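**Student:** Shown below is the structure under consideration.
Please treat every number below as a calculation from the coordinates, not as lab data. This one's a predicted model, so the numbers in the text were calculated from it and none came from an experiment. With ideal geometry, Cβ positions are generated from the backbone for all residues, glycine too; neighbour counts draw on all protein chains shown.
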Amino acid sequence: MAVAHHMERSYVGPAFDQAKVRDAMRVGVITCRPETKLSEVARMMVGYDVHSIVVTDADPDRGLLGIVSSLDLARAAGELDSVTAREVATTNLITVRTNDPLQRAAEAMAEHEIAHLIVLQPDSDDPVGVISARGGAAAVAYNGSLAL
């Protein structure tokens, strides 16, 4: 017998084909330093309810160094207290801008086989959020309809 579950709506923007990255991104960038142990990164992910943490340098001129995902943590299971964010972070960062079509973000994720992109402000290239594959899936699932 099928059981119906109430699903909390997580997307209220336009239909996927009309949506921009800003419609489905998580605003704000949660960061850690390169020397942060993965055990602390894991606590940050749980505490902030996110699946990726951006690795930044203390020197603002060096900016973004990489991104650590929950999959990176799973790969390092058993070594979380000895391995650092620097050692596992993906350093070939793929970014999108807030005003890019959501379709472009989805294509970039598929092309690079990743689930998170750092979102930049178009006029300054400052990081302002993260878009995840889940954010794109929510836009597809709800198709931008306001009906509950």
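**Student:** As an exercise, use a Förster radius of 22 Å and the Cβ-Cβ distance of Gln103 and Ala74 to find the FRET efficiency, rounded to the nearest 0.05. Mind showing how you got there, number by number?
**Tutor:** Working: r = 29 Å, r/R0 = 1.31.
About 0.15, to the nearest 0.05.
**Student:** Rounded to the nearest 500 deg cm²/dmol, what is the calculated helix-only ellipticity per residue at 222 nm for the chain, with -39500 (n - 2.57) per DSSP H run of length n ≥ 4?
**Tutor:** -8000 deg cm²/dmol
**Student:** Mind telling me which of Val119, Val55, Val46 comes out most flexible in a GNM of the chain, alpha-carbon contacts under 10 Å?
**Tutor:** Between Val119, Val55, Val46, it is Val46 that shows the largest mean-square fluctuation.
**Student:** Most fluctuating residue of Ser124, Ser69, Ser82 in a GNM of the chain with Cα springs under 10 Å: which is it?
**Tutor:** Ser124
**Student:** Of the candidates Ala58, Ala76, Ala15, which one comes out as most mobile in a Gaussian network treatment of the chain with C-alpha springs shorter than 10 Å?
**Tutor:** With Cα springs under 10 Å in the chain, the top fluctuation among Ala58, Ala76, Ala15 is at Ala58.
**Student:** Determine the gain in length on full extension of the stretch Val12-Ala137; use 0.36 nm per residue of separation and subtract their C-alpha separation, reporting nm with one decimal.
**Tutor:** 43.8 nm
**Student:** Another question about this same structure. Which listed residue (Leu64, Ala138, Gly28) has the Cα farthest towards the positive end of the charge dipole for the chain, taking +1 on Lys and Arg C-beta and -1 on Asp and Glu C-beta about the Cα centre?
**Tutor:** Going by the charge dipole, the pick is Ala138.
**Student:** Relative contact order (percent) for the chain, with alpha-carbon contacts under 8 angstrom and 6 or more residues of separation? All intermediate terms of the calculation are to be shown ahead of the outcome.
**Tutor:** Working: 255 pairs, mean separation 49.4, N = 148.
In percent, rounded to a whole number, it is 33.
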